[in-house]
Amino acid sequence: MVNKVGYPSNSFYVYQQVYDADGNAIEGQFVDRNGDGQINADDKYVYKKSAADVLMGMTNKFIYKNWDFSFTFRASLNNYLYNDFLSNTCNGANVYANGAWSNRTQEAARLGFTGKSDYYMSDYFVQNASFVKCDNITLGYSFQNLFKGEAYKGLAGRIYVLVQNPFCITKYSGIDPENAGGVDGSVYPRPRTYMLGLNLNF
């Protein structure tokens, strides 16, 4: 990450990746941006930024008779992340001698990097992390006088089902596109949780 005059704060400072005729990244091959015939730190450039251009949110609640349905959405547009988890799993040290791999994503295996270069400084790992997330969905039913009889008169309440983190729409290849630090080294996804609740009023 770099802060430089004339560029957004927390921008990425990386090499420009070179690709083969099929569009595959070539390990350790970068563009000689200053044209001096060699690849070194002088060829790095400021590329993209971690902060989003647009942040949006929306909450809705619909009520029909005794039923209620609500949901919350959030969106982050044109924010970028350095996919550190992907770059780490591209390291050839994670490959067993028999050619199998552990701790490697399918994308890392497809790239076939050996980890013997400064591949991790490539702009290939800076990915668009724009997303639309649904934070929660709730479906509820409110009732009055649950049981018959004078003793239960006034017993009311609401039963509901809640789902947190039900889905996320994004083209980001990592586990979670939401990361305030600009670098995603996450190994574990955010959990999706389900809740059944009952509120009673006496």
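Tabulated data for the structure shown
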item	result
Residues (more than 21 Å from residue 167 (Cβ to Cβ) and among the aliphatic types (A, V, I, L, M)) located in the stretch 35-79	39, 41, 46, 51, 63
Single match in 24, 103, 60, 34 (criterion: out of contact with any helix residue (DSSP H, G or I) (no Cβ under 6 Å at 6 or more places or on another chain) and modelled with pLDDT under 95)	24
Pairs where the first residue, in the stretch 171-185, is on the phi > 0 side of the Ramachandran plot and the second is among the aromatic types (Phe, Trp, Tyr), C-beta under 7 Å, 6+ apart	182/82
Test for residue 9: is it of a type in the set (Ser, Thr, Tyr) and not in a strand (DSSP E or B)	yes
Subset of the stretch 186-202 that is among the hydrophobic types (A, V, I, L, M, F, W, C) and assigned to a loop (DSSP other than H, G, I, E, B) - its residue that is farthest from the chain's Cα centre (by Cα)	202
Residue match in the stretch 158-175 (condition: touching a Pro at 6+ places or on another chain (Cβ under 7 Å) and assigned to a loop (DSSP other than H, G, I, E, B))	yes
Positions within the stretch 146-182 being over 26 Å from the mean Cα position of the chain (by Cα) and modelled with pLDDT of 90 or more, in sequence order	158, 159, 160
Selection from the stretch 135-145 of residues that are at pLDDT below 90 and part of a strand (DSSP E or B)	143
Enumeration of residues in the stretch 176-185 that are part of a loop (DSSP other than H, G, I, E, B) and in contact with a Gly (Cβ under 9 Å, 6 or more places away or on another chain)	179
Qualifying positions in the stretch 106-126 - at pLDDT below 80 and part of a helix (DSSP H, G or I)	106, 107, 108, 109, 110
Selection status of residue 131, of a type outside the set (Ser, Thr, Tyr), at pLDDT 95 or above and in contact with a helix residue (DSSP H, G or I) (Cβ under 7 Å, 6 or more places away or on another chain)	no
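Condition check ((1) basic (Lys, Arg); (2) touching a residue at least 60 places away in the same chain (Cβ under 8 Å); (3) assigned to a strand (DSSP E or B); (4) within 24 Å of residue 182 (Cβ to Cβ)) across all residues:
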position: 14; (1), (2), (3), (4): no, yes, yes, yes
position: 27; (1), (2), (3), (4): no, yes, yes, yes
position: 55; (1), (2), (3), (4): no, no, yes, yes
position: 63; (1), (2), (3), (4): no, no, yes, no
position: 68; (1), (2), (3), (4): no, yes, yes, no
position: 72; (1), (2), (3), (4): no, yes, yes, no
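The values are calculated or read from the model by the stated rules, or taken from the named source; none is laboratory data. Keep in mind that what you see is a predicted model, and the values were worked out from it rather than measured. Backbone-built Cβ (ideal geometry, glycine too); neighbour counts: all protein chains shown.
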